[in-house]
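Undergrad: Please read through the structure below; I'll follow up with questions.
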Amino acid sequence: TTVNVREALELYHKEGCDAIIGFGGGSSMDCAKAVGACAVKPNQSLAQMKGILKVHKKLPLLMAVPTTAGTGSETTLAAVITDADTRYKYAINDFPLIPRYAVLDPKVTLSLPPFITATTGMDALTHAIEAYVSTLNGPFTDPLALQAIEMVLDYLPASYHCDMVAREQMHYAQCLAGMAFSNALLGIVHSMAHKTGAAFSTGHIPHGCANAIYLPYVIQYNAKDPVAAKRYAEIARRMGLPGTSEKALINSLIEKIDDFNVRLNIPKTLKDFGINEDEFKEKVDKIAELAVGDACTGSNPRAIDPAAMAKLLTCTYYGTEVDF
């Protein structure tokens, strides 16, 4: 949160530090990035740096050691921060935020609870899929994204059950996905996850869990765009999923993600997660407006406005088909 960043920044100055180590999951590494940004831009608030390319200045030496597999934050240009007052998340995106060094050691993931192993793994899958269908995809990001997707599909279930070889491969997969989306950016799965993660009083939604819930619905929405449909079908084809038509391949991809969520004990809907229905109805329009304005929305392959976003979020709450 913004409070965590402020406390860490005070410690950085108090101790006369000249380097920062982000050790932990995505939140720890993002906090480290934000501390570095605040250290070199003392006259700007975090909120003033949100969005794209607003940091500009070289950060102090920044090193990242991810303990999840994962967010890919050790190799990305993004820092996602939760405003301590409003509880909504926003992203700061700029190239100086990419850590100078990243240490990938799968042994540090062994203490992760199974649910966090599952949800951070689905975060990596979401990064790779969104990067592949992003409007900013290209020949340098596509191979990274496809390799990451293949590795997550191959190794996440075994990693969930603490297989060490699988954990090592997932650590690499999430890093590849991070490199892919650092250059291609993301889409509205992340826009929705950013704005709902801490928005409801009845339960904080872990970021990877929110991504896992939203991903099948967003694929349904984006697949109405012919270019996006072609790329989703290509993912399914490259992964060896069944289907002789574009629509069948996309359905196979959605079914594969749904199957993973079931195997990993991830809820299918926001209602299943325990979000209160009255509170959801009260907040959905505001959340939709904020999600459309999120930094990740601009590279989504299909345009969306607040009304459509509210409809899409409602589908994710009740588990209804996205038919618009």
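Undergrad: Please give the calculated 222 nm ellipticity per residue for the chain, where each DSSP H segment of at least 4 residues contributes -39500 (n - 2.57) and the sum is spread over every residue; nearest 500 deg cm²/dmol? Write down the numbers at each step before the final one.
TA: Values: 13 runs with 181 residues, N = 324.
Rounded to the nearest 500, the figure is -18000 deg cm²/dmol.
Undergrad: In addition: To the nearest 0.05, how large is the calculated FRET efficiency for Lys268 and Thr135 if R₀ is 30 Å and r is the Cβ-Cβ distance? Numbers along the way, then the final one.
TA: Details: r = 28 Å, r/R0 = 0.94.
Once rounded, the FRET efficiency stands at 0.60.
Undergrad: Can I ask one more? Which value in nm describes the separation of the simple spin-label points at Phe115 and Leu61, placed 7 Å from the Cα toward the beta carbon?
TA: Modelled inter-label distance: 3.9 nm.
Undergrad: By how many nm would the segment from Cys162 to Ser201 lengthen if fully extended, with 0.36 nm per residue of separation less the alpha-carbon distance? The partial results should precede the final answer.
TA: Values: separation 39, 0.36 × 39 = 14.04 nm, distance 3.24 nm.
Gain in length upon complete extension: 10.8 nm.
Undergrad: Which whole number in µm²/s is D for the chain by Stokes-Einstein, with the Kirkwood Rh taken over Cα pairs at 4 °C and 1.567 mPa s?
TA: Details: Rh = 19.6 Å.
In µm²/s, the coefficient is 66.
Undergrad: Here is a further query. Please report, as a whole percent, how much of the solvent-accessible surface of the chain comes from carbon and sulfur atoms (probe radius 1.4 Å). Please report the intermediate quantities before stating the final value.
TA: Details: 7360 of 13490 Å².
C and S atoms contribute 55 percent here.
Undergrad: Heavy atoms only, 1.4 Å probe, whole protein assembly: order His190, His207 by accessible area, highest first. Walk me through the numbers on the way to the answer.
TA: Working: His190 5, His207 45 Å².
I get His207, His190, largest accessible area first.
Undergrad: Sticking with this structure for a sec: Would you mind getting me the FRET efficiency between Asp85 and Glu10? Use the beta-carbon distance for r and R0 = 22 Å, nearest 0.05.
TA: Working: r = 18 Å, r/R0 = 0.84.
Step by step, r from the Cβ atoms, then E = 0.75.
Undergrad: Now a separate question. Which residue, Tyr101, Tyr132, Tyr214, has the most motion in a Gaussian network model of the chain that connects Cα atoms within less than 10 Å?
TA: In the Gaussian network model the winner is Tyr101.
Undergrad: With every protein chain kept in the model, how would you rank Glu255, Glu234 by accessible area, 1.4 Å probe, largest at the top?
TA: Numbers: Glu255 115, Glu234 45 Å².
Result of the area sort, largest leading: Glu255, Glu234.
Undergrad: Among the listed pairs Lys57/Lys89; Lys256/Lys311; Lys57/Lys283; Lys230/Lys256, which have their C-alpha atoms separated by more than 26 angstrom in this model? Mind showing how you got there, number by number?
TA: Values: Lys57/Lys89 23 Å; Lys256/Lys311 24 Å; Lys57/Lys283 37 Å; Lys230/Lys256 17 Å.
Violating the 26 Å limit, Cα to Cα: Lys57/Lys283.
Undergrad: Treat each spin label as a single point 7 Å out from the Cα along the C-beta direction, and report the Asp142 to Ala303 distance in nm.
TA: In this crude label model, Asp142 to Ala303 measures out at 2.6 nm.
Undergrad: If you don't mind, another one. Any chance you could look up the accessible area of Ile254 with a 1.4 Å probe, heavy atoms only, rounded to 10 Å²?
TA: Here the accessible area works out near 20 Å².
Undergrad: Continuing with this model, one more query. Could you put Leu11, Leu62, Leu290, Leu241 in order of accessible surface area, largest first, with the 1.4 Å probe and the full protein assembly present? Each step should come with its number before you reach the end.
TA: Details: Leu11 100, Leu62 10, Leu290 55, Leu241 30 Å².
Descending accessible area places them as Leu11, Leu290, Leu241, Leu62.
Undergrad: I would also like to ask the following. Given all pairs of different Cα atoms, what value in angstroms does the Kirkwood hydrodynamic radius of the stretch 1-144 take? Numbers along the way, then the final one.
TA: On the way: mean 1/r = 0.0632 Å⁻¹.
Kirkwood radius, the stretch 1-144: 15.8 Å.
Undergrad: List the GluC sites (Glu not before Pro) within the stretch 5-87 that fall in a DSSP loop (any state other than H, G, I, E or B) and whose Cβ has at most 14 other Cβ atoms within 10 Å.
TA: Details: sites: Glu7, Glu10, Glu15, Glu74; in loops: Glu15.
Qualifying residues, ordered by number: Glu15.
Undergrad: For the chain, set up a GNM with springs between Cα atoms under 10 Å and report which of Cys162, Cys38, Cys17 has the largest fluctuation.
TA: Taking springs between Cα atoms under 10 Å, the residue moving most is Cys17.
The values are calculated or read from the model by the stated rules, or taken from the named source; none is laboratory data. Since this is a predicted model, take the numbers as computed values, not measurements. Using ideal geometry, Cβ is built from the backbone for each residue, glycine included, and neighbour counts are taken over all protein chains shown. Calculation scope for accessible area: heavy atoms of the full protein, side chains included, ligands and nucleic acids excluded. Shrake-Rupley method; radii C 1.70, N 1.55, O 1.52, S 1.80 Å.
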